[in-house]
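Engineer: I am attaching a structure below and will ask some questions about it afterwards.
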Amino acid sequence: MQLKDLFAKKKKYASIPSEQAKKDVPEGLMQKCDSCQKIYYQKEWKKNLYVCPNCGRHHQITSHERIQHLFDENTFVEWDKELLSGNPLDFPQYEEKIEKDRVKTGLNEAVVTGEGLIKGKPCAVAVMDSRFRMGSMGSVVGEKITRAIENAREKKIPVIVFAASGGARMQEGILSLMQMAKTSIAIQRLHKENGLFISVMTNPTTGGVSASFASIGDYNFAEPGALIGFAGRRIIEQTIREKLPSDFQTAEFQLTHGQVDKVIPRQEMRDTLATILEIHQLGGVADETSS
Amino acid sequence: MKQVLEFEKPVIELREKIEELKRMTKDSEIDLSEEIEKMETRLKKLENNIYGQLKPWDRVQIARHSDRPTTLDYIQHLFTNFIEFHGDRYYGDDEAVVAGIARFNHIPVTVIGQQRGKNTKENIERNFGMPHPEGYRKALRHMKQADKFNRPIITFIDTKGAYPGKAAEERGQSEAIARNLMEMAGLKVPIICIVIGEGGSGGALGIGVGDHIHMLENSTYSVISPEGAAALLWKDAKQAERAAKSLKITAPDLKELGVIDEVIPEPLGGAHRDIAEQAKAIGSVIEDSLEKLMKLTEDDLLEERWEKYKKIGEVKERIQV
C-alpha cells in the first residue's frame, strides 16, 4: 500500500446522468423550470401539462402525452405506427441516429397519427415529437401526415396537426424537401372538399415544416412562446448583420405580424379545439344533436 | 475577366496556348499549323475527359458560375411577345422574381422565374435571386391568372433560397411559400418547372410544384446548401465538397431518385458556353412536355400531379404479426 492511497482521491469530473437514467427518475422527484428556476414536484409538473405554474413557460411534452390529454379516454386509435425510415441516400450514420432516437423515445418516427374523439367530436390528428431527430420531416413523417390528411378527407372528419419540427430532414435530402410538396397537395385536396384543417404550431415550428402544411391551416394556432419561423435566427443575424430582438419568431411575434390566428395555452387547447369542432359540425354538415 | 473554375484550369490553359500559337503563326513567317492541330486534338480529348466525368462539386461550381445564363436570358431566346408584369398587389415588387406572359411556339403561356444578377450592381437590385414573400405572392398572382385564362405555366428555378432576412420573416416567408405549394397543386393548367442553376430548398420549391420537373445537367436541387450541411454535420463548412456528394443534389442523382422527369443536356463545359444552343435544348423539352400535358383533361392533370408527388419518398412498412 502506497502512502497516497490513504488520501481519498478528489473527483475530477462531475457525472451527468445518461438519457436512460434521466428517464428512470422515479415519480415524486423534483423538476426545475428552466425559465424561472422554480422547483416543483414532478407530479404537479406533469399534471400541469409541463407548463410552469409560476411563469407559464411551455416545456416539451411527448406526442403520446399530448394525445392522452386531448382525446376522450380510450378513443384514440393510432395509424401507420409501423412505418419506418430507410436510408434512401445511403447517408453516413443516418441509420444509427434513427435507431438511437427509437430507443430513446420508444417511437418509430417523429410523428404519431391517428383518430379519436375530442369531447365526442371525431377528428384525425398528427402530433409531431421533437425528441425524435428534432421532429424533422423525412419520407416517413411526410407519408404519415399525408395519409392522415387523406384518411380525414375520405372519412369526412377534420384534421388537426401539431407541428414540432426543426424542418426538413437533411439526411434524406431532396426526398425530404418533396414531402413539403406532398403534404401541401394533400391539404389542397382536403380544402377542395371543404374539409377542415387546423394547424397548431408548437415549439419549434421552423424551416420546411413552417413553409408547408403548418402555415396553411383554416386556423393557424400556436402555443405560447413557441419558436415559429422560416430561417434560423443565426443565419438571419449573419445575413443582415444585426442582432434580432429576443421576441423575434415567437408565437406572440407571429400573432402581431398576422401569421397566427390565436395563441392558445396548453391547458385551454382541448376546450378551444372542441368548441371549433362543434361550430364546424363534422366538416360543415349540421348535427342537430349537439347543443 | 472570365471566371475560371478550378477543375477546368488545364483546359483553359491549353486553349490559351493554342490561341497564342495561332497569333504567332499570323504575326510571323513560321508555320505552326501542324503543332496547332496536334494541340487541338489534345484539347478535345482533355475537354471530354474533364467535362465528361464531372464530380458533384464541379457541377455546383458550374451552377454558380457568374456567366451562367439566367431566367431573362432564356426568356429572350425561348419566347416571343414576352411582357413582364410587376408587383404582388399587397406590398411591393420583388425583383428577385420575374413574371409575365408570352408565346411559346404561338401558344400563350405564363412565365415565372427567379432572377439573379450577373454583376454586383445587378445582384443588389435582384437581391442575389433570393425572393422575399412578395416575390412568391407575385408568382402566385400570375399563376392564378394563368389558371383563369387557361395558359400553361413555365417556371425557371434559380435561387440559393428564399431570403433569410428580418423583413421576410415579418411578412410571412413561410406562409408565402406554403401557400404556393398548396395553390400550385390545384391549378388546372399544365405546370412545367425547369431548374436552370441552383435549386435552393423551400425557396426553389415555392415556384416548383408542377406536372413535369426538369433540370439542366449541371444544375443542382437540394434541401440545404452543401456548405450548410457541412457546417451542421461536421461543424466545418469547408467539407462542402463531401456534403455535395452525400446529399445527392445533381440532376443525374435526382433523376435516379425519381424526383425529376428529364435531365436537359448542356454544351460541353456548361450552359454559359453557348446560350443559344442551351435554349434550344430547353425549348425542345418544353415542347415535348406541353404536347403531353395539354392533351390531358383537367381531372387527369390534377390526378397525375398528385400521383407524382404521392409516391416520392422511401418508406418501409413492418407488418405486425
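Engineer: Using heavy-atom solvent-accessible surface (probe 1.4 Å) with all chains present, what is the largest-first order of A:K43, A:K121, A:K38?
Structural biologist: On the way: A:K43 145, A:K121 25, A:K38 100 Å².
If we order A:K43, A:K121, A:K38 from most to least accessible, we get A:K43, A:K38, A:K121.
Engineer: Let me make sure I get this right: for segment A:60-290, a, b and c are the square roots of the gyration tensor eigenvalues over alpha carbons, sorted descending. Under 1.5 in a/c it's rounded, otherwise prolate if a/b > b/c, else oblate. Which is it?
Structural biologist: Oblate is the answer for segment A:60-290, as a/c is 1.5 or above yet b/c matches or exceeds a/b.
Engineer: Residue by residue through A:183-195, how many Cβ atoms from other chains fall within 10 Å of the Cβ on average?
Structural biologist: 5
Engineer: Another one. Hey, what angle do you get for helix A:173-192 against the long axis of chain A, alpha-carbon based, 0 to 90 degrees rounded to 10?
Structural biologist: With rounding to tens, the tilt is 30 degrees.
Engineer: Right, another one. Between B:K44 and B:S284, how many nm apart are label points set 7 Å from Cα along the C-beta direction?
Structural biologist: Going from the B:K44 label point to the B:S284 one covers 2.1 nm.
Engineer: Place a point 7 Å from the Cα of B:M294 along the Cα-to-Cβ direction; which residues of segment B:73-106 have their backbone N under 20 Å from it?
Structural biologist: Once the point is set 7 Å along Cα→Cβ of B:M294, B:75-83, B:100-106 turn out to lie under 20 Å by backbone N, inside segment B:73-106.
Engineer: Once phi is turned into θ = phi - 60°, what whole-Hz ³J(HN,Hα) does the Karplus curve with 6.51, -1.76 and 1.60 give for every residue of segment B:270-280, x standing for Gly and Pro?
Structural biologist: My calculation for segment B:270-280 gives x, 4, 5, 6, 7, 4, 4, 5, 4, 4, 4 Hz in order.
Engineer: Given a Förster distance of 41 angstrom, what is the FRET efficiency for A:K243 paired with B:E37, based on the Cβ-Cβ distance and rounded to 0.05?
Structural biologist: So the FRET efficiency works out to roughly 0.05.
Engineer: To continue, here is another question. Listed here are the pairs B:K248/B:K316; B:K255/B:K292; B:K248/B:K311; B:K38/B:K160; A:K144/B:K188; A:K121/B:K144; which of them are more than 30 Å apart at the Cα?
Structural biologist: B:K38/B:K160; A:K121/B:K144
Engineer: With a 1.4 Å probe and all protein chains in place, put B:R23, A:R153, A:R234, B:R64 in order of accessible area, largest first.
Structural biologist: Largest to smallest exposure gives the sequence A:R234, B:R23, B:R64, A:R153.
Engineer: Excluding same-chain residues fewer than 8 positions from A:K43, which lysines have a Cα within less than 18 Å of its Cα?
Structural biologist: Those lysines meeting the cut-off are A:K22, A:K23, A:K32.
Engineer: Residues in segment B:10-52 near a label at B:V4, defined as backbone nitrogen under 14 Å from the 7 Å Cα→Cβ point?
Structural biologist: B:10-20
Engineer: Using Cα atoms only, what is the angle between the long axis of helix B:9-27 and the major principal axis of chain B, expressed in degrees (0 to 90) to the nearest 10?
Structural biologist: 50 degrees
Engineer: HN-Hα J couplings of segment B:105-122 from phi, Karplus 6.51/-1.76/1.60, θ = phi - 60°, integer Hz, Gly and Pro as x?
Structural biologist: 6, 6, 7, x, 9, 9, 10, 9, x, 7, 10, 9, x, 9, 9, 4, 4, 4
Engineer: Modelling each spin label as a point 7 Å along the Cα-to-Cβ direction, I'd like the A:K119/A:E73 distance in nm, to one decimal.
Structural biologist: Computed distance between label sites A:K119 and A:E73 equals 1.9 nm.
Engineer: Whole-Hz ³J(HN,Hα) for each residue in segment A:71-78, computed from phi via Karplus 6.51 cos²θ - 1.76 cosθ + 1.60 with θ = phi - 60°, x for glycine and proline: what do you get?
Structural biologist: In residue order, the calculated couplings are 9, 4, 3, 6, 9, 7, 10, 7 Hz.
Engineer: Expressed as an acute angle from 0 to 90° and rounded to the nearest 10, what is the orientation of the C-alpha long axis of helix A:266-284 relative to the principal long axis of chain A?
Structural biologist: Approximately 20 degrees, to the nearest ten.
Engineer: If R0 is 35 Å, what FRET efficiency do you get for A:L84 and B:E262 from their C-beta distance, rounded to 0.05?
Structural biologist: 0.65
Engineer: What distance in nm separates the two pseudo spin-label positions at B:E307 and B:R89, each 7 Å out from Cα along the beta-carbon direction?
Structural biologist: Result: 3.4 nm between the two label points.
The values are calculated or read from the model by the stated rules, or taken from the named source; none is laboratory data. Computed from a predicted structure; not experimentally measured. Counting neighbours? That spans all protein chains shown, and the Cβs are built from the backbone with ideal geometry, glycine included. Side chains are part of the model used for accessible areas, which takes the heavy atoms of the whole protein and leaves out ligands, DNA and RNA. Shrake-Rupley method; radii C 1.70, N 1.55, O 1.52, S 1.80 Å.
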